[in-house]
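Take a look at the structure set out below.
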Amino acid sequence: MRGTGSREDDPTAQVRQTWSRSERRLPRIVLRPLQEFLHTESAGGMLLLLAAVAALIWANSPWRESYEHWWHTKLAVGLGGRSIAQDLRHWVNDGLMALFFLVVGLEIKRELLTGELRDRRTAVLPAVAALGGMVVPALMYLVLNAGGSGSHGWGIPMATDIAFALGVLTLAARHAPPSLKPFLLSLAIVDDIGAIIVIAISYSGGISWGSLGVASGLCGAIVLLQRGHVRAVAVYLVLGAGVWLATYESGVHPTIAGVALGLLTPAVPFQRPRAVSEQAHRVADETVDDPSPPDADAQHWLLLAELSREAVSPLVRMEEALHPWTSWVIIPLFALANAGVTLSSASLARAVTSPIAIGIALGLVVGKVVGISLGSILAVRSGVARMPQGVGWGELVGAAAVAGIGFTVSLFIAELAFEPAVLVDTAKVGILFASLVAGVVGFFLLRLRPRTAQDPDGRA
């Protein structure tokens, strides 16, 4: 029978713990600290950095030929007489990265509805700062490359890598105000919106309007099904795959399909917490701890489990499900596939004198700082925005420098912008160098924040 004695002070005391949450030696000493690390902001950046370093080592090792050979391996997926045949690098860039941009779409919607971008006064500053941080680097790049072979790469220095930027900010967090993180995150989200627009408009091929119409029609079908309260996940998986395929066939880069699906995901739970709570009390009253047979009450708990799941919005559920995969698998895999540049004396000499690499480096290292700082000054001095609490201009400049880490999205745009491999490699050298310099400069600028009497430990 169900226990009727007094409850423990800890309401979870009677909940049976999994092996990983037990007090056994291995979970306590090894597994739980690893799990806690993977849930920190710096974990994704660390894995991304390790993957990038591994790619560079592989591409410059005695086995360098196997690097390109592996990523150029063809993989075909077909049904009936139709198939898509791409090499592994393109499957990562066009397929897996669509899931990354789906998560970006989810984050954008969440920030607009419930996050820092919901309040106009709070949102104006990162929005204007991000705009400056995109326009100035692009202009700096075009000054050096307009009319040349690298002119199409103007979108490369506009990007900010959220994982690396937040990782650096976390490492310098003891000397950074708490409100600086939401500012940088909001700035990066607006930056992502700009990157999505740039990719959709400037880095897509010839558009097939028929296929694009099919993709739009499928998105419309998703909206209608949502309004009809259709909740079958399989239906949306099939329609989502259809949206990706139609977008791929249309000539618009298929990662845009991921963004669209993220923005279409409902942000309101299907079930109200009170209704679920009432059902939970009913199930608790109608079931016993030790039924005979053991699963005699299973249908009651399955119903409650489904209702509990639906008390969380599809947006949050999807973000929780996909975020570990994008942070720990897809983005590191993307770095492994794209960061492997041969750093020979010839390639380095070419990059040092190339307006492409120089334009990228100036745009990310200098242009981001100038653009974000000028945008912030204009927004604050004009009275349309206010500085985040506790943040001075020194900290803001440090965040602007960190925003110059363009790594993931910059590499992504470089692959789209240039066709000759030599131009792609030159751009990648510029991105790697600039991102490293921006990260180091931003870290030390944030560490320069003086300790105050109200902040004796250097914590913000």
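The values are calculated or read from the model by the stated rules, or taken from the named source; none is laboratory data. Keep in mind the model is a prediction, meaning the values are calculated, not measured. All Cβ positions, glycine included, derive from the backbone under ideal geometry; neighbour counts span all protein chains shown. All accessible areas refer to the heavy atoms of the entire protein, side chains included, with ligands and DNA or RNA removed. Shrake-Rupley method; radii C 1.70, N 1.55, O 1.52, S 1.80 Å.
Going by the conditions given, is SER410 open to solvent by less than 10 Å² (accessible area, probe 1.4 Å) and at pLDDT 90 or above? The answer is yes for SER410.
The criterion of at least 2 residues that are within 29 Å of ALA403 (Cβ to Cβ) and modelled with pLDDT of 90 or more is met by the following helices (runs of 4 or more DSSP H) wholly inside the range 30-111: 41-59.
Listed by first and then second residue, the pairs linking a residue in the range 195-212 that is part of a helix (DSSP H, G or I) to a residue that is of a type in the set (Ser, Thr, Tyr), with Cβ atoms under 6 Å apart and 6 or more places separating them unless they lie on different chains, are SER211/SER250; LEU212/SER250. The set of residues from the range 257-304 being in contact (Cβ under 8 Å) with a residue 24 or more places away in the chain, open to solvent by 30 Å² or more (accessible area, probe 1.4 Å) and more than 30 Å from GLU107 (Cβ to Cβ) comprises GLN279, ALA280, ALA284, VAL288, ASP289, ASP290, LEU303. For THR342, indicate whether it is over 26 Å from VAL190 (Cβ atoms), touching a Lys or Arg at 6+ places or on another chain (Cβ under 7 Å) and either surrounded by fewer than 18 Cβ atoms within 10 Å (Cβ to Cβ) or free of Cβ contacts under 8 Å to residues at least 40 places away in the same chain (or both). Spelling it out, THR342 is indeed over 26 Å from VAL190 (Cβ atoms), touching a Lys or Arg at 6+ places or on another chain (Cβ under 7 Å) and either surrounded by fewer than 18 Cβ atoms within 10 Å (Cβ to Cβ) or free of Cβ contacts under 8 Å to residues at least 40 places away in the same chain (or both). Looking only at residues in the range 128-154 that are crowded, with 24+ Cβ neighbours inside 10 Å and touching a Phe, Trp or Tyr at 6+ places or on another chain (Cβ under 7 Å), the one that is farthest from ALA414 (Cα to Cα) is TYR141.
If only residues of the range 112-127 that are part of a loop (DSSP other than H, G, I, E, B) and open to solvent by 40 Å² or more (accessible area, probe 1.4 Å) are counted, the one that is farthest from VAL329 (Cα to Cα) is ASP119. When we screen SER373, SER354 for residues that are farther than 30 Å from ASN93 by Cβ, polar (S, T, N, Q) and at pLDDT 90 or above, the only hit is SER373. The set of residues from the range 146-185 being at pLDDT 80 or above, more than 18 Å from LEU48 (Cβ to Cβ), of a type in the set (A, V, I, L, M) and outside any helix (DSSP H, G or I) comprises just one member, ALA146.
Among the residues of the range 314-338, those identified as open to solvent by 10 Å² or more (accessible area, probe 1.4 Å), over 12 Å from the mean Cα position of the chain (by Cα) and more than 24 Å from ALA59 (Cβ to Cβ) are PRO314, VAL316, ARG317, MET318, GLU320, ALA321. In the list GLY383, GLY392, which residue meets the criterion of being touching a Lys or Arg at 6+ places or on another chain (Cβ under 9 Å), surrounded by fewer than 21 Cβ atoms within 10 Å (Cβ to Cβ) and more than 26 Å from VAL143 (Cβ to Cβ)? The conditions single out GLY392.
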